[in-house]
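S.K.: Here it is, the structure, as structure tokens.
The values are calculated or read from the model by the stated rules, or taken from the named source; none is laboratory data. Note that this is a predicted model, so its numbers are computed, not measured. Cβ coordinates were reconstructed from backbone atoms using ideal geometry, including for glycine residues, and neighbour counts include every protein chain displayed. Side chains included, ligands, DNA and RNA excluded: accessible areas come from the protein's heavy atoms. Shrake-Rupley method; radii C 1.70, N 1.55, O 1.52, S 1.80 Å.
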Amino acid sequence: MSTPMVRAEGVRKHFGRLDVLKGIDLTVERGQVCCLLGPSGSGKSTFLRCINHLEKVDGGRLTVDGELVGYRQQGNRLHELREREVAARRRDIGMVFQRFNLFPHLTALENVTEAPVKVGGVSKADAREHAHALLERVGLGDRAHHYPAELSGGQQQRVAIARALAMKPKLMLFDEPTSALDPELVGDVLDVMRQLAADGMTMVVVTHEIGFAREVGDTAVFMDEGVVVEAGDPRQVLADPREERTRAFLSKVL
Ligand code: ADP
Ligand code: MG
């Protein structure tokens, strides 16, 4: 078996006295889509933020592509990563948030070329060519020169996905990417994510879209109060959960 893209073993995180992650165990294999579900406050965003170096893990072991998050191994010694090393690792991970966070003063195309040119060392011409292809891929080939304010929420979110893909990440994290959208705009965003999954991208998706989780997820993970309550095949976890807490949650979101 190849190295998993993400492996969490007993991952813990607290904020002051608040234990937010109380020992998360979870594995995401390469090319798989892991859908993370659970009530508000259960620690889903915190877990994604740990994967992406936005929060520091307090305990347990978290690896991305076989490398311990936050540390570099040298022989059998661990060294905390320097800022520059963290930045380099983060470049391999794309993240899409609930709010699109596009630069308002840049066009769709410029939003997508910004990081590759500024931090990726890519030439402007190459970045533009790649960005056009990415905008095409998310169905916005004809919106390249529009500003965020001229785009719908769903279109902005698709630009955000294209922007994350511009750095050619090996892992994509989505934190409730459709929660802030009007219902009629959700489908287009999910379609782009579905296509990305079909193209083999490894994805961790926090979502309340049960249909998406069932169709696209290779695994569904139900979290509550900082622990994984239940994980497995989405068709089982979402249709016939073993745990009462999963059942109670699903009856509320369905
Ligand atoms: P979810 O995404 O599942 O809704 P979060 O990971 O956002 O849950 O939050 C889990 C808990 O951690 C919540 O009680 C939240 O208030 C708390 N929390 C998250 N981030 C911080 C922070 N930076 N400082 C203090 N508490 C935090
Ligand atoms: Mg959250």
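S.K.: Answer yes or no as to whether residue 109 is more than 17 Å from residue 195 (Cβ to Cβ), within 16 Å of ligand 2 (Cβ to nearest atom) and touching a helix residue (DSSP H, G or I) at 6+ places or on another chain (Cβ under 9 Å). Full working, then the answer.
M.R.: On the way: more than 17 Å from residue 195 (Cβ to Cβ): yes; within 16 Å of ligand 2 (Cβ to nearest atom): no; touching a helix residue (DSSP H, G or I) at 6+ places or on another chain (Cβ under 9 Å): yes.
No: the conditions fail for residue 109.
S.K.: Can you say whether residue 78 is exposed (fewer than 14 other Cβ atoms within 10 Å of the Cβ), within 16 Å of ligand 2 (Cβ to nearest atom) and over 29 Å from residue 157 (Cβ atoms), as far as the supplied structure shows? It would help to see each step written out before you state the result.
M.R.: Numbers: exposed (fewer than 14 other Cβ atoms within 10 Å of the Cβ): yes; within 16 Å of ligand 2 (Cβ to nearest atom): no; over 29 Å from residue 157 (Cβ atoms): yes.
For residue 78, the condition - exposed (fewer than 14 other Cβ atoms within 10 Å of the Cβ), within 16 Å of ligand 2 (Cβ to nearest atom) and over 29 Å from residue 157 (Cβ atoms) - is not met.
S.K.: Still on this structure, please answer the following. As an exercise: evaluate residue 16 against (1) within 14 Å of ligand 1 (Cβ to nearest atom); (2) closer than 26 Å to residue 208 by Cα and give the number of the one condition it does not meet.
M.R.: Evaluating residue 16 over (1) within 14 Å of ligand 1 (Cβ to nearest atom); (2) closer than 26 Å to residue 208 by Cα leaves (2) as the failure.
S.K.: A follow-up question, please. Of all residues in region 121-165 being open to solvent by 20 Å² or more (accessible area, probe 1.4 Å) and of a type in the set (A, V, I, L, M), which is farthest from residue 96 (Cα to Cα)?
M.R.: Among those residues, the one meeting the criterion is 125.
S.K.: How many of the residues in region 166-196 are away from ligand 2 (no atom under 16 Å from the Cβ), surrounded by fewer than 21 Cβ atoms within 10 Å (Cβ to Cβ) and of a type in the set (Gly, Ala, Ser)?
M.R.: Residues flagged as away from ligand 2 (no atom under 16 Å from the Cβ), surrounded by fewer than 21 Cβ atoms within 10 Å (Cβ to Cβ) and of a type in the set (Gly, Ala, Ser) within region 166-196 amount to 1.
S.K.: Regarding residue 53, is this residue surrounded by 15 or more Cβ atoms within 10 Å (Cβ to Cβ), within 16 Å of ligand 1 (Cβ to nearest atom) and more than 19 Å from residue 221 (Cβ to Cβ)?
M.R.: Working: surrounded by 15 or more Cβ atoms within 10 Å (Cβ to Cβ): yes; within 16 Å of ligand 1 (Cβ to nearest atom): yes; more than 19 Å from residue 221 (Cβ to Cβ): yes.
Yes, satisfied.
S.K.: Let me ask another. Taking the condition assigned to a helix (DSSP H, G or I), of a type in the set (Lys, Arg) and crowded, with 17+ Cβ neighbours inside 10 Å, does residue 247 pass?
M.R.: Details: assigned to a helix (DSSP H, G or I): yes; of a type in the set (Lys, Arg): yes; crowded, with 17+ Cβ neighbours inside 10 Å: no.
So residue 247 fails the test.
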